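All remarks here apply to the structure that follows.
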Amino acid sequence: MAVAAGSAPPPPSNVPLLYRRGVRRLLTQGIYVAITAVVIGYIYTSLDLREFGFGFLDEPAAFKVGNQWLVDVDGVTNSRLTMYLVGVWSSLRAVMVAIALSTVLGVLIGVARLSSNWLVAQMAMLYVEIFRNTPLLVQVVLVYTVLLVGAPLIENVFNVGDFFFVSNRGMAIPWPVPDSGFWGAPEWFVWVWVAVLLLFAAAAQRVRANRQELERDTGQPHYANRWALALFAVGALVSFFALGAPVSMDLPMIVGTHYIEGMVMEPEFTALVAGLTLYTSAFIAEIVRGGIQALPKGQSEAANAVGLSGYQRLTLVILPQALRQIIPSVTNQYLNINKNSSLAYAVLYDDLFRVANIVQNKAGHALEMFFVIIVTYMLISFAISMVMNFFNARVTAQRI
């Protein structure tokens, strides 16, 4: 029966079941649940799961892993689970460093792509085209080969002031080490909390200065970021010396053909991080360029009209608005860094994937280990997504 124009829609009781939104949702979810149950049932009946279990992870590992930074395990008395967690920490370390470096480099290259200087723009374009169109595995292996072949032998190590070493064994630099104190808590622990409080105070000062809108009321720039940074830096420096300099520098040394003390960045770690950084920064550069170009041209013209410098125009007008388009796509690239870190296997870096394979080769239980690998990568990806979604929500909610 036709419904006359302007008449009310038919009551829900007269709508066929398949045309009701709630019924369609329940039906769709039921189909998904049924398919999942069929797949799980097939796996359970096809595979012999009587031996399925994770008890083997509590047995002694009987193997060692490298890249033990801030951890100390021997691999003999420690369990396989402990060694796997060391591999997870090695992966997280490479992923976090690669995310930070690729972000900085990607933003710089993306802005350079829009430079009015022809040479700078063309060099940035060449960088993007080379690293974006080259397989990541090739880049990681190439960097690893260059480090092993091009770097000097450790007997002829490149030395800067007896505290910075570069050789085919990697790079060794000084690293801060907390000293124990005589207070109820160590001085370095107190200083860390003082620095955290100063960081919150600096952030509060920045928010207060921005809300006062001093530039609009007085016509004078208030430099909120600079004042906040100065507050944190001066406070942290004064509290550091007031507490008796509770952190000392651990200088690297060479014993035989190995580095000891300090922080050592092995060729495997450096090759993986460099490859991930070069590859991902090329994609981030294009995301940044596209986000900036998506803004109305009048934004840049208005910034020029009020006399903002190039740095002020970029940091106060262009990037804050472009972040709304940039962050979702950059989040995908961060997730790719996490997943692409499994290529560490190609340069013998003991990440979670390689350590899991060693455990599998020694103990069997391939199904369990692949389940653990999948869950680990998912948890890391979820953590990255949560952090980036938080920043995306903050940027989207801001009034520009």
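The values are calculated or read from the model by the stated rules, or taken from the named source; none is laboratory data. Only a predicted model underlies this, so the values are computations on that prediction, with no experimental measurement involved. Every residue, glycine as well, gets a Cβ built from its backbone with ideal geometry; the counts of neighbours run over all protein chains shown. Quick note on the areas: whole protein, heavy atoms, side chains included, nothing else; ligands and nucleic acids left out. Shrake-Rupley method; radii C 1.70, N 1.55, O 1.52, S 1.80 Å.
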Write out, first by first residue and then by second, each pair whose Cβ atoms fall under 9 Å of each other, whose residues are 6+ apart or on separate chains, and whose first residue, in region 260-289, is surrounded by fewer than 22 Cβ atoms within 10 Å (Cβ to Cβ) and assigned to a helix (DSSP H, G or I) while the second is among the charged types (D, E, K, R) and modelled with pLDDT of 90 or more. 283/132; 286/113; 286/132
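Please state which one of 394, 354 is in a helix (DSSP H, G or I), under 30 Å from residue 170 (Cα atoms) and modelled with pLDDT under 90. Please lay out each step first, then the result.
On the way: 394 fails: under 30 Å from residue 170 (Cα atoms).
It is 354.
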Of all residues in region 327-344, which are of a type in the set (Gly, Ala, Ser) and open to solvent by 40 Å² or more (accessible area, probe 1.4 Å)? 329
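For residue 324, are the conditions met, namely being buried (at least 17 other Cβ atoms within 10 Å of the Cβ), under 24 Å from residue 284 (Cβ atoms) and over 16 Å from the mean Cα position of the chain (by Cα)? Write out each step before concluding.
Values: buried (at least 17 other Cβ atoms within 10 Å of the Cβ): no; under 24 Å from residue 284 (Cβ atoms): yes; over 16 Å from the mean Cα position of the chain (by Cα): yes.
Answer is no for this residue.
Out of 335, 367, report the one residue that is among the hydrophobic types (A, V, I, L, M, F, W, C), part of a helix (DSSP H, G or I) and over 21 Å from the mean Cα position of the chain (by Cα). Spell out the reasoning first.
Values: 335 fails: over 21 Å from the mean Cα position of the chain (by Cα).
Only one candidate qualifies: 367.
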Residue 347: under 30 Å from residue 146 (Cα atoms) and open to solvent by less than 30 Å² (accessible area, probe 1.4 Å), yes or no? yes
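Every residue in region 114-129 that is of a type outside the set (Asp, Glu), under 20 Å from residue 330 (Cα atoms), open to solvent by 50 Å² or more (accessible area, probe 1.4 Å) and in a helix (DSSP H, G or I), please.
125
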Yes/no for residue 385 being under 19 Å from residue 93 (Cβ atoms) and within 14 Å of the chain's Cα centre (by Cα): no
For residues that are open to solvent by 50 Å² or more (accessible area, probe 1.4 Å) and in a helix (DSSP H, G or I), scanning just region 303-312, find the one that is nearest to residue 111 (Cα to Cα). 311
Matching residues in region 130-172 (in contact with a Phe, Trp or Tyr (Cβ under 7 Å, 6 or more places away or on another chain), modelled with pLDDT of 80 or more and surrounded by fewer than 17 Cβ atoms within 10 Å (Cβ to Cβ)) number 2
Residue 180 passes all but one of (1) modelled with pLDDT of 75 or more; (2) open to solvent by 90 Å² or more (accessible area, probe 1.4 Å); (3) polar (S, T, N, Q); which number fails? (1)
